[in-house]
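Asker: Before I ask anything, here is the structure I am working with.
The values are calculated or read from the model by the stated rules, or taken from the named source; none is laboratory data. What you see is a predicted model; the values in this text were computed from it and never measured. Quick reminder, even Gly has a Cβ in these numbers, built from the backbone with ideal geometry, and neighbours come from all protein chains shown.
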Amino acid sequence: MKRLSSQAGVTLMEVVIVVVIVGALMLVALPAYQNQLQKGRRADAMQALSDVASRQESFMLDRQTYTTDMTALGYAADPYESLEGHYTVSAAAGACGSIANCYLLTATPAADSPQQKDTQCINFTLSSTGEKGATGTLGAECW
């Protein structure tokens, strides 16, 4: 009768090597993944600003003035919380100095949103003239 001398299975050293390789991949992949999530959430701010701007223009047609009150535009609260809840939108008088003639909308990351950690594109702005802006390291490139 012949005996098999080889052992089947995985050694502890092989398991450690696999864990180290997976850990190294995670160190590279996780920050890139989080960055992509932040970029995707920025669309929430842009969509919210476009929606509020559209309502501001309708408000202007009906009342011959713009407003800083989001509830007057039909939203449940002031400031308006975006659909995905990552940003709040508020309105102020624009460059002309009077809310009757121009506005400046600002989308700011919500207090409980992961967008608070986004340093590349912090606040988004949209004016009644269509001028777009953003604060953060990327600035206007955020749009």
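So that you can scan it fast, the table gives a plain yes or no per residue for (1) within 16 Å of Val52 (Cα to Cα); (2) of a type in the set (Ser, Thr, Tyr):
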position	(1), (2)
Glu81	yes, no
Glu84	yes, no
Val89	yes, no
Gly94	yes, no
Tyr103	yes, yes
Thr108	yes, yes
Asp118	no, no
Glu131	yes, no
Gly136	no, no
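Asker: State the number of residues belonging to the stretch 95-111 that are under 18 Å from the mean Cα position of the chain (by Cα) and not in a strand (DSSP E or B).
Answerer: 2
Okay, residues lined up against (1) in contact (Cβ under 8 Å) with a residue 60 or more places away in the chain; (2) more than 23 Å from Gln34 (Cβ to Cβ); (3) in contact with a Lys or Arg (Cβ under 8 Å, 6 or more places away or on another chain); (4) charged (D, E, K, R):
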site	(1), (2), (3), (4)
Met46	yes, no, no, no
Gln64	no, yes, no, no
Ala77	no, yes, no, no
Tyr87	no, no, no, no
Thr137	no, no, no, no
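Asker: Quick check: is even one residue across the stretch 72-94 touching a Phe, Trp or Tyr at 6+ places or on another chain (Cβ under 6 Å), of a type outside the set (Asp, Glu), modelled with pLDDT under 95 and assigned to a loop (DSSP other than H, G, I, E, B)?
Answerer: Yes, the conditions are met somewhere in the stretch 72-94.
Asker: Ok, one more. Any idea which of Val28, Val15 is at negative phi, in a helix (DSSP H, G or I), over 25 Å from the mean Cα position of the chain (by Cα) and exposed (fewer than 11 other Cβ atoms within 10 Å of the Cβ)?
Answerer: From the options Val28, Val15, the qualifying one is Val15.
Asker: List the residue pairs whose Cβ atoms are under 6 Å apart, where the first residue sits in the stretch 106-133 and is more than 17 Å from Ala92 (Cβ to Cβ), the second is outside any loop (DSSP other than H, G, I, E, B) and hydrophobic (A, V, I, L, M, F, W, C), and the two are 6 or more positions apart or on different chains.
Answerer: Cys121/Ala134; Cys121/Cys142
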